[in-house]
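Note sheet for the following structure.
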Amino acid sequence: MFKQKRKTMKVISSIGRLQQVIKQIKKKNLSIGFVPTMGALHNGHGSLINASCKENDITVVSIFVNPLQFGPKEDLKQYPRPFKSDLAFCRKLGVDILFHPSAEQMYPESFSTSVEVKGLSDVLEGKFRPGHFRGVATVVAKLFCMIMPDKAYFGQKDAQQAIIIERMTKDLAMPIKIKVLPIIREPDGLAMSSRNIYLSKSQRQNSVVLYKALTLARQLINSGQRDAVKVISRMKQLIKTVDEAKIDYITVVEPYSLKPVSKITNGCLICLAVRFGSTRLIDNIVVGDSWKLTERFKK
Ligand code: AMP
């Protein structure tokens with residue numbers, strides 16, 4: 001899928017070394033694009049990396065399974081860490097620097113700082129995953145301080161995360177442009193995710209109902225329905241036809257405040273979280289122009 005490039009990739013695990021290398025890059029006035037990830041890379045990450053390679057002189061990718069953003073009962077230990085294939089993936093895409101620090105490097109015992117984006121972090125995913133976005137904002141802020149990128153790339157897949165990071169960079173006047181790129185999907189519509197491997201065969205087959213529900217919402221809105229309650233109720237009806245699917249939430253929100261809306265307008269975000277067994281999947285669409293981006297995955 002992606003163009004092959006030949007150049008050497010620096011693999012760095014020490015913060016000090018990373019900062020030295022970044023200093024050299026800055027001296028040469030080269031632009032830096034940054035893609036933070038937790039690894040187990042797939043084409044969703046690939047699209048962010050490709051965009052960064054196109055738009056910047058240097059692309060830095062971080063792979064760090066950030067303990068701060070996992071709850072005590074979540075999958076921190078189990079989270080996939082296929083480092084060798086991630087290395088090959090990054091090389092193939094032309095990444096310049098792969099940064100993969102240890103948890104001890106990132107959070108030594110004395111570590112006492114956290115970054116909290118209030119309000120936005122407490123709703124939707126935040127309600128189900130208390131402390132999650134504090135962990136995300138803290139690690140991203142620390143990575144931003146080390147890498148000082150011109151642009152940083154995030155996926156619409158984690159729309160709330162992207163909105164929180166945009167808020168954080170604005171609030172703290174970080175001179176970094178946040179780019180949010182469309183969701184990359186499997187051919188049947190399931191949003192790509194490192195966690196999809198947890199799904200059993202039947203759960204994987206049934207999980208396509210999420211995209212079907214979002215597509216139904218789009219059809220209803222296109223045919224004039226603007227009542228959020230009615231759209232959500234039709235989506236719930238459809239998802240409930242799948243026994244294994246347990247809905248955490250389906251909601252339509254205003255994209256900057258993340259407040260629920262009753263009347264659907266362009267730019268609103270329709271987002272959902274649904275559990276299949278112990279695997280929690282999230283997905284969303286944006287009402288309006290961005291829909292074009294999901295059209296190509298329609299079956
Ligand atoms: P993660 O490794 O899951 O923390 O994700 C790293 C970045 O990749 C985040 O900005 C995600 O939103 C983005 N991402 C993950 N899955 C997808 C996808 N299917 N399409 C686009 N971006 C994605």
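The values are calculated or read from the model by the stated rules, or taken from the named source; none is laboratory data. All figures in this text were calculated on a predicted structure; none of them were measured in a lab. In this analysis, Cβ positions are derived from the backbone assuming ideal geometry, glycine residues included, and neighbour counts consider all displayed protein chains. Note: areas computed on protein heavy atoms with side chains; ligands, DNA, RNA excluded. Shrake-Rupley method; radii C 1.70, N 1.55, O 1.52, S 1.80 Å.
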*For region 280-297, does any single residue satisfy the condition of being modelled with pLDDT under 95, of a type in the set (Gly, Ala, Ser) and within 23 Å of residue 186 (Cβ to Cβ)?*
yes
*Hits in region 116-148 - residues which are farther than 19 Å from residue 74 by Cα and open to solvent by 30 Å² or more (accessible area, probe 1.4 Å)*: 116, 118, 119, 142, 145, 148
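Hey, among 109, 116, which residue is part of a loop (DSSP other than H, G, I, E, B) and either in contact with a helix residue (DSSP H, G or I) (Cβ under 6 Å, 6 or more places away or on another chain) or within 16 Å of the ligand (Cβ to nearest atom) (or both)?
Values: 109 fails: either in contact with a helix residue (DSSP H, G or I) (Cβ under 6 Å, 6 or more places away or on another chain) or within 16 Å of the ligand (Cβ to nearest atom) (or both).
Only one candidate qualifies: 116.
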*Considering each of 173, 217 in turn, give the residue that is among the aliphatic types (A, V, I, L, M) and crowded, with 20+ Cβ neighbours inside 10 Å.*
217
*Subset of region 28-44 [touching a residue at least 40 places away in the same chain (Cβ under 8 Å) and either within 22 Å of residue 158 (Cα to Cα) or among the aliphatic types (A, V, I, L, M) (or both)]*: 32, 33, 34, 35, 36, 38, 39, 40, 41, 42, 43, 44
*asked:* Filter region 11-44 down to the residues that are under 30 Å from residue 77 (Cβ atoms) and within 16 Å of the ligand (Cβ to nearest atom) and list them by number.
replied: 34, 35, 36, 37, 38, 39, 40, 41, 42, 43, 44
*Mind listing whichever residues of region 155-169 are under 11 Å from residue 256 (Cα atoms), open to solvent by less than 30 Å² (accessible area, probe 1.4 Å) and more than 7 Å from the ligand (Cβ to nearest atom)?*
159, 160, 163, 164
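Does residue 182 satisfy being open to solvent by 50 Å² or more (accessible area, probe 1.4 Å) and either among the small types (Gly, Ala, Ser) or in contact (Cβ under 8 Å) with a residue 60 or more places away in the chain (or both)?
Judged against the criteria, residue 182 is not a match.
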*Is it the case that some residue within region 174-192 is more than 15 Å from the ligand (Cβ to nearest atom) and assigned by TED's automatic domain parsing to the domain that holds residue 127?*
yes
*Take the residues in region 120-157 that are small (Gly, Ala, Ser) and in contact (Cβ under 8 Å) with a residue 60 or more places away in the chain, then tell me which one is farthest from residue 47 (Cα to Cα).*
131
*Which residues, counting only those in region 122-134, are out of contact with any Phe, Trp or Tyr (no Cβ under 7 Å at 6 or more places or on another chain) and within 15 Å of the ligand (Cβ to nearest atom)?*
125, 129, 132, 133
*When residues of region 193-214 are filtered for being more than 17 Å from residue 246 (Cα to Cα) and crowded, with 18+ Cβ neighbours inside 10 Å, how many remain?*
2
_For residue 47: the one exception among (1) in contact with a Ser or Thr (Cβ under 7 Å, 6 or more places away or on another chain); (2) within 13 Å of the ligand (Cβ to nearest atom)_ = (1)
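Please pick out the residue among 223, 202, 193, 233 that is touching a residue at least 60 places away in the same chain (Cβ under 8 Å) and out of contact with any helix residue (DSSP H, G or I) (no Cβ under 6 Å at 6 or more places or on another chain). Can you show your working first?
On the way: 223 fails: touching a residue at least 60 places away in the same chain (Cβ under 8 Å); 202 fails: touching a residue at least 60 places away in the same chain (Cβ under 8 Å); 233 fails: touching a residue at least 60 places away in the same chain (Cβ under 8 Å).
When all the criteria are applied, what remains is 193.
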